[in-house]
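Below: the structure, in structure tokens.
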Amino acid sequence: MKKYLLALVASFALFLTACSANSNNAETEPATTVEEEATVENESTDADQPAAEEEESTEANDTAEGKVFKIGAIPDFDQAEMEDAFNDFADYLSKEIGQPVEFVPTVDYASLVTAFDRGEIQLAWFGGLTVTQALNKVPEAEAFAQRPSDQEFKSVFIQQKGLGLTDIEDLAGKSFSFGSESSTSGHLMPRYFMTEAGLNPDEDLDGAPNYSGSHDKTYKLVESGAFQTGAVNVQYWEKALNEGLVDDTKVEEFYRTPDFYDYNWTLNKDIDTEFGEGTAQKVKDTILNMGKDDSKIMDLLSTESFIETKNENYDLIKQVAEQLGMLN
């Protein structure tokens, strides 16, 4: 009987030892499993990250490639001529920068400044006044190119043939037409030089001055006899004379102003952000390297090349605009 009890006690002790061992194994195995799962999860995350970054980069490129780069210009030429030349330039620029480009006509000078301010126009052909108005609204924009003639631009005062005027002071008591109200060479600077000569354009003429809207309309009004005198930009005047568009038996020049900066190409802000890194520089390089035969735009603008300019070149125009209340 004692032998039987001893055997039973020994068997029970072995059973408890076995249970204890199994319990210890059960407690250590889950820790190993969790550690392995964490390793697998980290490896999965690291593998997925480059793919996600590549997908984001592809989406950004697709967005830039799908956008149309839009250009605009102040409407101081015949509309049909402008659209033909600027559409040709848009095609040329598109090929050079690898981006869809579209010319967007505007009804007047102010409309172009407004569209530029809203970010609807990326590249604009401005005059001296309109660029100062645009820079006043978008200080980050950059005037970067001009024609060689634009660094020494002039306005021309014209009269009916045989009227006998020789200087600005002689305009007193005569009917007169400016161009567009927002034109540098057709309004702002002629008004400035008239004021400097002691003439008040709103009080000393024969009636209130007229605003024709463009240079070609101004010389046609004087030519027709509707107005005795007017002011146009020198380049447009010389081009019209050379092409026989002006009847020089009916209208003539009598005064040229001192030099001032005028027309320019200006880029809006955030070009690289919207169209991809390096786009702004491509546009600049394309325009600054253009030759006379590259696009119809060169003939329209009467130039064989473009040269660099900068925002500071239009400080005088800005000062005059502020003095005359025309900056906004």
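The values are calculated or read from the model by the stated rules, or taken from the named source; none is laboratory data. Fair warning: this is a prediction, and the values are worked out from it, not measured in the lab. Positions of Cβ are backbone-derived with ideal geometry, glycine not excepted, and every protein chain shown enters the neighbour counts. Only protein heavy atoms, including side chains, enter the accessible area calculation; ligands, DNA and RNA are left aside. Shrake-Rupley method; radii C 1.70, N 1.55, O 1.52, S 1.80 Å.
For segment 238-254, does any single residue satisfy the condition of being within 16 Å of Q146 (Cα to Cα) and touching a helix residue (DSSP H, G or I) at 6+ places or on another chain (Cβ under 6 Å)? Can you show your working first?
Step one: of segment 238-254, the residues within 16 Å of Q146 (Cα to Cα) are none.
No, every residue in segment 238-254 fails to be within 16 Å of Q146 (Cα to Cα) and touching a helix residue (DSSP H, G or I) at 6+ places or on another chain (Cβ under 6 Å).
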Worksheet, complete the sentence: Within segment 305-328, residues open to solvent by less than 100 Å² (accessible area, probe 1.4 Å), closer than 19 Å to A141 by Cα and under 20 Å from the mean Cα position of the chain (by Cα) come out as F306, I307, T309, N311, N313, Y314, D315, I317, K318, L327
Practice prompt. For K161, state whether it is surrounded by fewer than 18 Cβ atoms within 10 Å (Cβ to Cβ), touching a residue at least 60 places away in the same chain (Cβ under 8 Å) and touching a strand residue (DSSP E or B) at 6+ places or on another chain (Cβ under 7 Å).
Written response: yes
Fill in: E152 in contact with a helix residue (DSSP H, G or I) (Cβ under 9 Å, 6 or more places away or on another chain) and farther than 17 Å from L205 by Cα
no
Discussion item. Restricting to segment 196-223, name every residue that is in contact (Cβ under 8 Å) with a residue 24 or more places away in the chain and more than 23 Å from D108 (Cα to Cα).
Written reply: A197, G198, L199, D204, L205, D206, G207, E223
Practice prompt. Among what's in segment 196-234 and is over 14 Å from G179 (Cα atoms) and assigned to a helix (DSSP H, G or I), pick the residue that is most open to solvent (accessible area, probe 1.4 Å).
Written response: E196
Practice prompt. Scan segment 97-110 and report the pairs whose first residue is within 21 Å of G66 (Cα to Cα) and in contact (Cβ under 8 Å) with a residue 24 or more places away in the chain and whose second residue is open to solvent by 50 Å² or more (accessible area, probe 1.4 Å) and not in a strand (DSSP E or B), with Cβ atoms within less than 6 Å and a gap of 6+ or a chain change.
Written response: I97/K282; P100/V68; E102/V68; F103/N87
Worksheet entry | Selection within segment 133-176 - within 19 Å of K239 (Cβ to Cβ) and of a type outside the set (D, E) | Q146, R147, P148, S149, Q151, F153, K154, S155, V156, F157, I158
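Report yes if some residue within segment 254-271 is farther than 26 Å from E312 by Cα and open to solvent by less than 70 Å² (accessible area, probe 1.4 Å); otherwise report no. Spell out the reasoning first.
Kept after step one, since they are farther than 26 Å from E312 by Cα, are these residues of segment 254-271: 254-255.
Still in the running and open to solvent by less than 70 Å² (accessible area, probe 1.4 Å): 254-255.
Yes, because at least one residue in segment 254-271 is farther than 26 Å from E312 by Cα and open to solvent by less than 70 Å² (accessible area, probe 1.4 Å).
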Item to complete: Check K284, K250 and return the single one that is at pLDDT 95 or above, closer than 27 Å to K161 by Cα and open to solvent by 30 Å² or more (accessible area, probe 1.4 Å).
Response: K250
Item to complete: Name every residue in segment 292-304 that is surrounded by 15 or more Cβ atoms within 10 Å (Cβ to Cβ) and assigned to a loop (DSSP other than H, G, I, E, B), in order of residue number.
Response: D294, S295, L301, T303
